[in-house]
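> Let me give you the structure first, and then I'll get to my questions.
The values are calculated or read from the model by the stated rules, or taken from the named source; none is laboratory data. Note that the structure is a prediction, hence the values are computed from the model and not measured. Here Cβ is always computed from backbone atoms with ideal geometry, including for glycine, and neighbour counts include all displayed protein chains. To get the accessible areas, we keep the full protein, side chains included, count just its heavy atoms, and leave off ligands, DNA and RNA. Shrake-Rupley method; radii C 1.70, N 1.55, O 1.52, S 1.80 Å.
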Amino acid sequence: WYISRLFAINSVTGKITKIFWDSAGQDAADVIWMPSDGSNKILLAAQNSIYVNYEEFWPSVYSVDVTNGKRKTLVKGRQNTMSWIADSTGHIRAGISYDDVNRTYAMLYRGEHETGSFRTVVRANSRKREVLITPFLFEPGAERALVMHDDDAGRNAIYEQDLTTLKDIRLVYSAPQGEVDDVILSEDGKILLAATTTGDDERIHWFDPALAELQSQFDKAVRNARVSVESMNRD
């Protein structure tokens, strides 16, 4: 088995803080949200048992202070739910569950200002080759999110979706050649910066005007070659 654990390193002092190393579960290192304001608390999803018939096998979500490892339970684990999704503010908005017996996926969801229970809003049957569509960016102040799914031609594209009806509002982006492979978000998780695409060009399509201009300058500077931004810092 692979056992995953988390630790935090203070960049000034070098102090190492172990996070949830007393867990009895296999995976206790699923960071699902980090603050962008310099504060110390992250959201961590973690198992606390290796036995599927134990309640703590299903990962709960914790608020963890990375300076001392202290934690507080925010969302208790529930049967069949192995992953959780937070919005840019650190509010748990959705969970993804899978029923191995029926081979069905489901998305549990709650609104931007809801703090109680989740409701099942959509299911997908893998026996029928259905795919569960999940949000990757929740829009603040509205029950809308950005999702990726196939278009009529079977190519992956980005859509804005109404989370109350699960209907597409508009097409955000589809690649002229190939399809959307992944997305790049701003560090705070609030803005869609770019989409990476497959196909002959295999490039990054920038939505951010400043980064698009920077990409244009790179392309002009290095002719007969493809230049890709590999990483960027906070500013």
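> Only one of Ala194, Ala212, Ala175 is open to solvent by less than 70 Å² (accessible area, probe 1.4 Å) and touching a residue at least 24 places away in the same chain (Cβ under 8 Å); which? Step through it out loud before you land on a result.
Details: Ala194 fails: touching a residue at least 24 places away in the same chain (Cβ under 8 Å); Ala212 fails: touching a residue at least 24 places away in the same chain (Cβ under 8 Å).
After applying the criteria, what remains is Ala175.
> Further question on the same structure: Would you pick out the residues in region 215-235 that are within 19 Å of Asp182 (Cα to Cα), assigned to a loop (DSSP other than H, G, I, E, B) and not β-branched (Val, Ile, Thr)?
Initially, region 215-235 is screened for residues within 19 Å of Asp182 (Cα to Cα), giving 215, 226-232.
If we keep only those that are assigned to a loop (DSSP other than H, G, I, E, B) as well, we get 226-232.
Result: Arg226, Ser228, Glu230, Ser231, Met232.
> Here's another thing I want to ask about it. Which residue is farthest from Ser88 (Cα to Cα), if the candidates are limited to region 132-147 and must be open to solvent by less than 50 Å² (accessible area, probe 1.4 Å) and of a type in the set (A, V, I, L, M)?
Leu132
> For region 6-62, which positions are hydroxyl-bearing (Ser, Thr, Tyr) and either over 23 Å from Lys76 (Cβ atoms) or surrounded by fewer than 16 Cβ atoms within 10 Å (Cβ to Cβ) (or both)? Steps first, answer last, please.
Within region 6-62, the first condition is being hydroxyl-bearing (Ser, Thr, Tyr), and the residues that meet it are 11, 13, 17, 23, 36, 39, 49, 51, 54, 60, 62.
Matches in region 6-62: Ser11, Thr13, Thr17, Ser36, Ser39, Tyr51, Tyr54.
> What's the number of the only condition in (1) among the polar types (S, T, N, Q); (2) in a strand (DSSP E or B); (3) in contact (Cβ under 8 Å) with a residue 24 or more places away in the chain; (4) open to solvent by less than 30 Å² (accessible area, probe 1.4 Å) that Ser97 fails to meet?
(3)
> I'd like the full set of residues that are touching an Asp or Glu at 6+ places or on another chain (Cβ under 8 Å) and either of a type in the set (Val, Ile, Thr) or closer than 21 Å to Ile191 by Cα (or both), limited to region 206-231.
Val227
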